[in-house]
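Just below is one structure, and these are the notes that go with it.
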Amino acid sequence: MGKFSQTWNLMKESWELLKKDKELLILPLISGILCLVVMASFVYPMVKGQLIVEKNGNQINFNEGKYYVLMFLFYFFSYFIIVFFNSAIVAAVMIRLKGGNPTIRDGLGAAMSMLPLIVAWAFVAATVGIILRMIEDKSELLGKIVAGVLGLAWSVVTFLVVPILVIEQKGPFAAVKESARLLKKTWGEQIIGRFSFGLVFFVLGIPAYLLFFLGASTKSMPMIIMFGALALIYLIILSLIQSALQSIFQVVVYHYVTDKQVPQGFNPVFIDSAFGRKPPTKFGGGSFSRF
């Protein structure tokens, strides 16, 4: 509970930083829209059976090889979009922490400058994703549990990969190795950070679920549509804020465990107690001169 409350405080401080650059919320919005486009491009034809079945006379065969190739491409393009825009947010956050006033163009420019690294990481992430998917598809209940555990472990180990890609400009394998190394120092804060962020925003999303319920209880289609639209808009706004705060959280964790300094605008006493260290120094220059 102590770790949980510390992460809650860190999330509030991250929110204060985000309020200085609200326009950064446009980045996860664009990311979400593009991901929906990718999903529609792959999922709909696959569901309709146009890409993964073959007709041989009156017989229809499921093409497993083509299915996994298409799933890999779906994962690749989705990861590429997500990582690209998360990298833009991380770069913009670093500019803010150094005392600058970042713009969306600054973030996108930084992401474009590291395009090969983002493509490489998307390929690695998609490969791991499709392997886990194959394990899950071809296994009984125990195999599905194993795949879920492996997926969770991969998610935790790679928690700091995006900040490492952006700040250190390391390749995907070196970034995973560095993220795993830092994991030994921050495992509690990383796992609880992911959990508490999800839990907090689940609680904040309760009003949307109530709106859905109220709309359905009226049994009036116009009211259902109105309440449903309001709930959907609310959930979209929450998801954008969560995505941005998560990126800020990653930068703060990365910066603290690598430079042992507290970013400007964050409470050194809180971060010290969260990591169990002596009070660190305030944010300096140094490591992030490339931005």
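Values for this structure:
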| read-out | value |
| --- | --- |
| Top-ranked residue in region 233-262 [being small (Gly, Ala, Ser) and buried (at least 17 other Cβ atoms within 10 Å of the Cβ); ranked as nearest to Val157 (Cα to Cα)] | Ser247 |
| Residue among Val262, Val257, Val176, Val200 that alone is modelled with pLDDT under 85, hydrophobic (A, V, I, L, M, F, W, C) and under 30 Å from Ile30 (Cα atoms) | Val200 |
| Ala153 being under 18 Å from the mean Cα position of the chain (by Cα) and either under 15 Å from Tyr79 (Cα atoms) or not in a helix (DSSP H, G or I) (or both) | no |
| Test for Met71: is it surrounded by 18 or more Cβ atoms within 10 Å (Cβ to Cβ), outside any loop (DSSP other than H, G, I, E, B) and either more than 22 Å from the chain's Cα centre (by Cα) or at pLDDT below 90 (or both) | yes |
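The values are calculated or read from the model by the stated rules, or taken from the named source; none is laboratory data. These numbers come from a predicted model, not from an experiment. For neighbour counting, all protein chains shown are included, and Cβ atoms are generated from backbone atoms with ideal geometry for every residue, glycine included.
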